[in-house]
Structure formats: structure tokens, C-alpha cells
Amino acid sequence: MALLEVKNVTKQFGGLTALNDVSFSVEKGEIRGLIGPNGAGKSTMFKNISGFYTPTKGEVVYDGKNIAGTHPCKVSSMGLVRTFQECTLFNEFTVFENALMGCHMSARSNLFSAILGTDRQRQKQAREKTMEVLEFMGLADRKDQLAGELPLGSQRALAMAIPLNADPKLLLMDEPFAGMNPEETNHMMELTRKLQDKGITIVLVEHDMKAVMGLCGYLTVLNFGSLLAEGTPEEIRNNEKSDSGISGGLVNMLLTMKDVEVSYKNIKAVKKIDIEVPDGGFVTLIGSNGAGKSTTLRVISGLVHPSKGEITFEGQRIDKLSADKILKLGIAHVPEGRRIFKDLTVEENLRLGAFIRNDKAELKRTLRRFSIASRVCVNGVLRWHVVSGGEQQMVSIGRALMSRPKLLMLDEPSLGLAPIIVQEIAKILLEINARVWRLSLWNRMQNWLWRLPSMPMCSKRVLSRWMEKPRP
Amino acid sequence: MTIKNLIICAVILAGLVALPHFLAFNFQDLLIFLAVNVLVVVSYRLVTLTGEWSLIHVVMMGVGAYTSAMLSKMAGFPFWVSMPIAGLTAAGIAALLCFPLFRMTQFYFLIGSFAAGEAIRLVWIYFIDPFGGSSGINNLPAPELGDIDFYEPIPYFYMTLIVVTISLFILYRIETSRVGLTLNAVHWKAPLAESVGVDTWKYRSLALIVGSFFVGIAGALKVHYLGVVTPHQFGIGVMVFVLIWVIVGGYATFVGPIIGVIVLTVFDQFLRASGFVDPSVQPAIYGAVLIISILFMPEGLEALPKRIKARMKGGNA
Amino acid sequence: MELFLQSIVNSLIQGGFFALWAVGLVLIFGVMGVVNFAHGELVMVGAYTVWLLHAQNDVPFLLTIPIAVIVVMVIGLIMERFLFRPNRSDPLAGLICSIGVLFILQVIAHEVGGTGPAKQVAPPFNEILVISDSLRIPVQRLFSLAVAITSLGVLWYFLTKTKLGWALRAVALDREASALQGININRISMIAIGVGAAMAGLAGALMAPLQNITPHMGHNVIITAFIVTIVGGVGSLSGAVAAAFIYAAFHTFVTAYFNGTIATICGLLIMVLVLIIKPTGIMGVKVSE
């Protein structure tokens, strides 16, 4: 009998369709993989199942009941528990308290029993159960440490211990292997199998294909919000075409990063980054989610400052400069999620991109050229839901180009866009790189860039380095 | 609670019992208000545990005060009955307010709670019958119990001390229990808490209701000693003092706000006694203290020893 | 009927003031994310400056207006530089600091003005425009309305037609993306609070001849400004201005036909209602995923 049935689920945000009529069902006791490129709607699907979103259309049937639109806390009390992408923990709590929160449903106490201490027996049981879970996850000896101070691997284990303590029947795991090294991945796979042995059904969103292929009996593939394929790992693998990157020649280095380290509070986000970007080159930064790609871009554009290391641009140290100074030197950054100023018109957005420029006549010409090239009308007020995702991306890239940068950094420009638009943007990028401004492009478009037709006019250099995550 | 903590509490209580006998009359007054204010800040801390800063707390104190005042003055209820009813009424009003207020969070909640509080206060000012308008209700009866004269500060202080101690004990129990842990969890990562079945709305409401109950009792204690209740005792200015006490003391632990209210009250008295500053300048000094503590010791007074220790060790404090 | 006409005129004048109060609050909140609780006190300082210079020291009224604006602007800039900027990552800390400023300004006003009855400034324009027997408009009020509307117009021009104005709106919408366009956030913050405080100072200066001046007059200002801001939609300037005139009309009419306290209670209730139904305000843009 199917434990979970997703029936014709559609989810729209304004004009953007994130999920389009998706149906699949999960049998009791299986490990199901939900895969697909970034922006395919996997996380949105999770949120629809776990009650954080209400589907625009369709039903989510769990254990025979339609739970679409039910409040998340009700859903989880029915035994459908999710984990979070990256490490979501109560950082201010100890490991033990974190795990203890997990058994909220079985051990919660009301005010009076809390004051009078009448539920001592139940609290004792909860603590014992929590210890068992911590031992199961191999965290028993760290139980009094603060969760925020744990090494990454243990944080991951703890992030699993919390939902585990909630006695789930169905566990939704959101990228549990992201940012892990092979050793940690193996350990986590082991744990996941043990969970299955305990009778817990698991739905898994993951990019780590090795883990997915190794764990899941059956895969559901999403692409651009629609169901692309379903089948066993072998069937899916045979469908997939692989591609590889090519390394190119060397030119002058426009940007160099030496041994750069960034920490948020006490947690290191990236560590030991050495990257060089050649003049006129096209560098792609890839790596799993949470590997530190966005942080790397943010540290270059001056939004965060490195705690260690050097960044040099055209021979000048820039790691201590503020964002506006760095832009003036010629580094433009198209942030993830486009970040359009949505109450401003397209023209105002573009003109803001040219904030540091003072040549009015030239600016006017550039604006006109842009509106023709991108086919985005320049005057209309830009509203998030009126302009399509592709057009927003065009505006965002155009805005960055208005400052006439020497280095353009794009953070996930393909996210959530249809393939045709992605191709179009790629074409524009190549054109920019080749002819118009002779600049270096750097982006973290993941898979699709690899599949582009060869890029004849620019020296190509694909940096396929996996950024290292700090390890204990 | 460990044996060591119990002994510390017992010593403090013994000290407090002896204290009023060594003080002048006006300081005995002050001791009563200090005890009431301790209850106000500690109950406020319970509300802030879920991470929402409300500006309605002092108005809830007023709800308790008005309830008790009206019951004892107009219906002739003895104080021992009207005080718990005061707490329950404040809790009840808070429960009603939870429905609109907790549909908002953070900034919106702050402003919403402020607006709701102001509206309640304006109702007291506007409706002269039964609330007495701007001048409020006066000649409130003192509690009665055998031959004890509760118009005298010392017996009233002991009574206040007992009520406050019991309340603090209950609040402490709540905070250290599973309920307290859940409130903190709602603060730090509400989605994660929801993912294991915590109804965050319920817990936010719970904190507001319980906090209002105790502050309602504090309100009753205060006005029955003063003998008068007016809307101006519960204005936004007073709320700001509560904020200052909590922030200067530090709101990360149970004792932080208590330290804040005691230290600032003593500081205040010291300033007055020294005669350097006019009492009318006092709010400005409070303002300056508030700004300085936000800028230079964001964790409050209670974290000061820890920071000094860290600096002595040569750590990068 | 006369009461009705008079109320319409009054509500227009009130609306001008409400709008001046609210745009400052909206600008500061939008750009810096800080709720400036001392905003009412900035208005109060503006009024006190006029009282001190014009009523006490005979400086011409028209000259005192720019002085008041500059004084309040300087206070705003000091607040930005020393209180809000160090707390940029923590809006709550900024808010609490502004409460500290509120106390300090009140005490300064108290010390400067001394105790005693509320201060009053004799209106420099004494003429009264008589339209009909019972519909009379003092020129002083008309002058205030004209100045308020002119300055709002200038602000509107600045925000929609100049590069700096776009930058200001951009920072309010997305601080990080603005930094990536080469906009200096600190400078924009200074401008935002400068403009916001200037509007508050201007409102204070214009109000000085029209009402009693006390150190606590800011309380009413901040409550009204909150109501207007929330109803108009947090972060929406045009919404705030529209809401200011609507709320002024509402308040004036309820005051004229019922009672001023009831009007404020209703206003607060409307605000809570708006917060519940549509927290982004009537004119606010819905933020989607």
C-alpha cells in the first residue's frame, strides 16, 4: 500500500510555475530518491508535502488522508517528518537538548505538570529515549557540547537525530549528503540504511549521485517543475548522457585568490580557496550545495570580508575594500535569485547598475542597445510576478553589465529557468565574452553549461575544483 | 535545583527578610516597588523567550491593577481574592489578544502589541465611569489579615516578598522544564521546531498568557500599596523602563533581568542621594545607560564577569 | 454643513502634518530597517527650536524654519553615525537606542524650556481668511499646508527623478543587491535619515505656532505616524502619504462629531486590523517567494 501519494500537485508563485501537475507515490518501507537539476522544484515539492506550502492544485495523500495545506506541526505529529537543507539546528542548545526537542510529541508537558513536576516519569523516559537516539547516531559522547560548535559531520548526524527522535513513519531528507566528504557520505549512507531497517520510509532529495544510486530502490526525476522520468537507478542512468569539461590555455590572471578563508561567527564557510581567473577567460565554479560557491563570490565582491588570505584584482589587493569600491575597480556580481529591485522600473534598475558612471550620452546608447538585444521593454515597472524569470535574469545581468565590468560573476543564472531561456542567456553571455566588452565571466551554473555547444571565441578554462568544507 | 543553589536562595531570602529593618521609611517603600519590578521583568523575560518583543506587558500589568482595584473598591472583594482574579483577567485579555497579535511576528508584532496596549490605555482614559479617566481610581483598600496592618511598609513588603518568591519559583520551574526548552526552540528555529510537531502559535501564546498572569498580579500588588491606580502608571514610558532593566541586565539568563532592575534602582538612588543630578534629568541618564549598554555590552551586566574573565585570560574578548 | 466644510479644511491641514511625520519614519525604516521611536521627539525638537529662537529671541519666523530643519537633521545624522550604523545587523538594538535618544531629547527639552505651562508661539501670520460666516481659515494654517505639500512634492521629485533617489529606493528594497551596484550604503543611510529628520524638523517648526509645545508632544506624533505607516504599507512612501490624508480626514471627523480619544482608539484598532488582514498595508506590494 502506498504510504504517500502525490496527486497532480501544481504550485505557482505569482506567474512562476514551480511545480506543474506532478504525481508519484511512495510505498511503505522504501527509500525513494527525488532528483533533478537545481530549480527543478524538489525543495518546493518537499515543502508542499510537509505543509510549509499549500499546493495551488492537487492532493497530497499520506496514510489515506489528504494532508495538503495542513499546518507543518500537524503534519509532523502524524509521523511525516522532514529534515532541512544545510544544517538547521538549535545552535544555542546543547546536543542533548537538540535531540530532546525531537520527541516533542511524545513527551511534551503542559504548564501545570511542568510547575508541579508530575510528569517526571515521562520526562525521564524521554531523556532515556533521547540518549538511545544519540548513541544510535554516534553522538553520545558529545551530548553536552553546543550544537553550533560541533564539526560539520556531527552536525549532520544531529540534524538527523532530531527528526529520528520524533518517531517518524516517513522521513523527508533534504540533501543530507551536501558538502560531505566520501568518508562522511559512506557513514551517512550506512545510517540511512539502518533507518530503513527500523521500518522508516524515506524520501530523499540529493545531488550526490553516488549516494542516490547506492541507496534508492527507485528514483523520481523532476525537471523544471514537471515529472521527467521514474525508474530504477539503472534505468535512469542509462538515460543520462555525461559530458566533461575541457581545459584551455593560460593568459594573464585578472583575479587571484590565495588561501582565502571566510567564517560566519565561529563557523568557517569556506577554507583554503586558491583560484585564478584569466583575463578574457570563462571560469565555472562547481560543487555541491553548501560547498561555499556563493560565499566565494560574495567574498570577492566585498559583501563579506575574508578572515584570512589575499584577493588580488589586476595586481591590487581588494580583500579589505567595501562592495562599492570593488565594483568601481570592475567586478560586477549578479547575485543568486536575481535580486531585482521590484518596485523600480526596468530602466531605473538598469540605471542603478550604472550608478558609478557619469557619462550620460553613452549611457543612453547602452540602454537602447540593451533593450534591443534582450527584448526586455525598458520602461514598464518591474514587478516580480509580471516579468518572467528569464526576463528578470536578463535585467539582472544587464544591470551588472551597465557598470562596464572587467569581471562578471554570475551566481546560478540558470536557476529556475526554462531550457530555451537558459540557452538564450548562455548565447548572450558568450557574445559578451567574445566581442562586446572582453570581460571574464565567472559563474556557478551547474550542469547545463557543460552541455553547451563548444565556445569557440573565448579561451575556456573550467575550474572543476570541489571546494573543500572545513573538517575537524 | 542543586543544594548549593538552594542555600544561596535561602541566604538571599533571609537577607531580604532582615533588610527593611535597617532602612529608612522611604527606602522601605522602594523595596516594595523593587520586589514588584523584579516580578515584572522576570515575567517579561518569559514572554521574550519565544523571541518576540512585546510592548504590551506593562499595559497587562495595568489590566491586573485595574481589575483588582475595581473588584476591591466597587464590589468589596478582599485583596486575597481580587489579586488572583487580577492575574487571571490579565491572562484572559492576553489570550484574547493572541489571536490578532500572533498572526504577526517581529517588527509587526512589536508595533501591533504597542497599538493594542495604547488602545486599552485610551479606553481607561476615555471611560470615566468605571475607570475614573485620567485621575484613575483612588483610596484603594489595603489587604486585611488578622491584626496585621498592611498600610505599614514592612508587613506589606513581607507579603509582597512571599507572593513574588512563589511567582519566581513557578516561573523558574517553567523555564527549566520541557515547556521552557520548547519556548527557546520556537525562538531559535521556528521551522525546525514545527518539523517535530511543535505548534509555535500555541507556545508563543502560552508565553504571553503566563507572562501576563504574573504581571497582572504584580500590578495588583503595586496599586494596593500606592492606594491609587491611574492610566499613566502603565504608559509606554514605563514599558521602556522595563526594557531598559531587561536589556541592561541581560536577557540570556533567568537572573539577568533581576540584576538589571536591582543595579539600576540602586544606581538611581545613589544618583539622587548624591545630589549631583536633578530628578528631572533621570530619564536622560537612563537613556544614556541604555545606549551605552547596547553599544558596549550587548549581553548585559550578567555577562560582564564572564567577559572580564575572558579578557584576563588574554582571550580575544 | 459648516462644521463639515471646516472639518474638510482641517483634515487637509492635519493630513499635511501626518504625511510629513510618516514619510520620515518610512524612509528611515525602509533604508535602515530601524524603527525610529525617537521620531516624535525629532518633531518636538523642531518645535522647540522655533519657540526658542522666535518666541524667546525674536528671530524672524521664516528664518527659524530652516534653522530648525538643520538642527533636527544634525541630530538625525548623529543618531545614524553613532547608534544605527554600529547596530546595522541588529534592528532591535537600533530601535532600543532610539528609545534612549527619546529620553535624552525629552530631558533636554525640559531643561531648555523649564517647567511650567506649555510653551506657545504666537502665530506670525495673523490674518484669517474668511470664506463664510463660520468657515474661517487662519493664514498660518494655509501657510503650513502649502509648505508641507511643497516639500512632499520636492521629496517625490527627488525619489523618482534623480539617481540618488533611485539609489535610496533600491537600498530600501534590497540592501545587498544595491551594494553590488556600487551604491555606498552608509552614504545612502545618512541621506535617508537626513531627509527623514529634516521632514520631522520641518513638521515641528510648522506646528510650533499652531499648538502647545511640551516635551511630551512626540508621543502623539509617533502613534499617529505608526498608524499611518502601517495602514499605508510599511516601506511605501506614496502609501504613507495617501494614508496620512485619509487618516487625517477620519480623525478630524470623528473628533469633530464624537471625541478625540475615540478617534485615536479607532485609529489604533484600524491599524491592528490592517496588521492582521494585510501586514504589508493597503498600498504595500505583496512580497512573493
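Where a number appears in this text, it was derived from the coordinates with a stated rule and is not lab data. Nothing here was measured: the structure is a model prediction, and the numbers come from that model. Counting neighbours? That spans all protein chains shown, and the Cβs are built from the backbone with ideal geometry, glycine included.
Per the helix-only calculation at 222 nm, which mean residue ellipticity applies to chain B, given -39500 (n - 2.57) for every DSSP H run of n ≥ 4 and division by its residues, nearest 500 deg cm²/dmol?
After summing the helix terms and dividing by the residues of chain B, the value is -24500 deg cm²/dmol.
The simple Förster model, with R0 at 30 Å and r as the Cβ-Cβ distance, assigns B:Phe25 and B:Ser135 a FRET efficiency of 0.70. A straight chain from B:Ile162 to B:Trp80 at 0.36 nm per residue would run longer than the Cα-Cα distance by 28.2 nm.
Mean projection of the alpha-carbon convex hull of region B:16-96 over all orientations, in nm²?
Computing the convex hull of the Cα atoms and averaging its projections yields 7.0 nm².
Counting only DSSP beta bridges with both residues in the protein assembly as shown, the antiparallel share comes to about 60 percent. Remark: region C:225-230, residue by residue, has Karplus-estimated 3J(HN,Hα) of 4, 4, 4, 4, 4, 5 Hz, where x stands for each Gly or Pro and the curve is 6.51 cos²θ - 1.76 cosθ + 1.60 at θ = phi - 60°.
Remark on region A:1-135: hydrodynamic radius 17.2 angstrom, per the Kirkwood mean of 1/r across alpha carbon pairs. Put simply, the amide H of A:Val270, placed in the peptide plane, has neighbours under 5 Å in A:Val262, leaving out anything fewer than 5 places away on its chain. Principal axis analysis of the Cα atoms in the protein assembly as shown yields extents of 91, 76, 62 Å, listed in decreasing size. Taking one quarter of the surface of the convex hull spanned by the alpha-carbon atoms of region B:126-283 gives a direction-averaged projected area of 12.9 nm². A straight line joining the Cα centroids of region C:165-189 and region B:215-287 runs 40 Å. Put +1 on the Cβ of each Lys and Arg and -1 on the Cβ of each Asp and Glu in the protein assembly as shown; which of A:Asn223, B:Trp201, C:Tyr257 then has its Cα farthest toward the positive end of the dipole? Looking along the dipole axis, the top candidate is A:Asn223. Computed over chain C, relative contact order equals 36 percent, with contacts defined as Cα pairs under 8 Å that lie 6+ residues apart.
Using Cα centres only, tell me the gap between region A:326-342 and region C:1-25 in whole Å. Cα centres, region A:326-342 to region C:1-25: 43 Å.
In the distance distribution for region C:153-250, Cα-Cα pairs more than 22 Å apart total 39 percent. Just need log10 I(q)/I(0) for chain C at q = 0.08, 0.14 Å⁻¹, Debye formula, equal scatterers on the alpha-carbon atoms, no solvent, rounded to two decimals. Normalising to I(0) and taking log10 leaves -0.33, -1.03. A cut-off of 5 Å between modelled amide H atoms, ignoring neighbours fewer than 5 places along the same chain, links A:Glu30 with A:Ile202. Close amide H contacts of A:Phe84 (hydrogens built in the peptide plane, cut-off under 5 Å, sequence separation of 5 or more or a different chain): A:Asp174.
The stretch between A:Glu235 and A:Lys28, if pulled fully straight at 0.36 nm per residue, gains 72.3 nm over its current Cα-Cα span.
Rg/Rh, computed from the Cα trace of region B:43-132 with Rh as the Kirkwood radius, has the value 1.02.
How long are the semi-axes of the ellipsoid equivalent to region A:70-179, from square roots of 5 times the Cα gyration tensor eigenvalues, in whole Å, largest first?
Result for region A:70-179: semi-axes of 23, 18, 12 Å.
P(r) tail for region B:193-263: Cα pairs beyond 17 Å make up 63% of the total.
For region C:177-250, the relative contact order comes to 13 percent (Cα pairs under 8 Å, sequence separation of at least 6).
Computed on the Cα atoms alone, the convex hull of region C:118-200 gives a volume of 151 cubic angstrom per residue.
Annotation: Cα Rg of region C:1-67 relative to the compact-globule expectation 2.2 N^0.38 Å equals 1.45.
For chain C, the longest principal axis of the Cα atoms and the long axis of helix C:2-32 meet at an angle of about 20 degrees.
Phi-derived couplings, Karplus 6.51 cos²θ - 1.76 cosθ + 1.60 at θ = phi - 60°, listed residue by residue for region C:240-245: 5, 5, 4, 4, 4, 6 Hz, with x used for Gly and Pro. Each principal axis of the Cα cloud of region A:133-205 was evaluated for its coordinate range; sorted largest first, these ranges are 30, 25, 17 Å.
In order along region A:55-69, the Karplus-derived 3J(HN,Hα) couplings, from 6.51 cos²θ - 1.76 cosθ + 1.60 at θ = phi - 60°, round to x, 5, 9, x, 10, 10, 9, 10, 6, x, 10, 7, 10, 4, x Hz, and Gly and Pro are given as x.
For chain B, the membrane-span-like helix rule (DSSP H, alpha carbon extent of at least 24 Å along the helix axis, mean Kyte-Doolittle at least -0.5) picks out B:25-48, B:57-74, B:79-101, B:106-126, B:153-176, B:200-226, B:255-274; this says nothing about an actual membrane.
Peptide C:261-272 shows a mean partner chain C-beta count of 5 within 10 Å per residue C-beta. Distance between the modelled labels on C:Lys161 and C:Leu273, one decimal in nanometres: 3.8 nm (7 Å Cα→Cβ projection).
Here the sum of -39500 (n - 2.57) over DSSP H runs of 4 or more residues, divided by the residues of chain C, equals -23500 deg cm²/dmol at 222 nm, to the nearest 500.
The coefficient of translational diffusion for region C:1-159, derived via Stokes-Einstein from the alpha carbon Kirkwood radius under 10 °C and 1.306 mPa s, stands at 90 µm²/s. Short-range pairs are left out: with C-alpha atoms under 8 Å and at least six residues apart, the relative contact order of region A:31-186 is 30 percent. In plain terms, if you count all Cα to Cα distances in chain B and split them into 20 Å steps from zero, the share in each step is 30, 60, 10, 0 percent.
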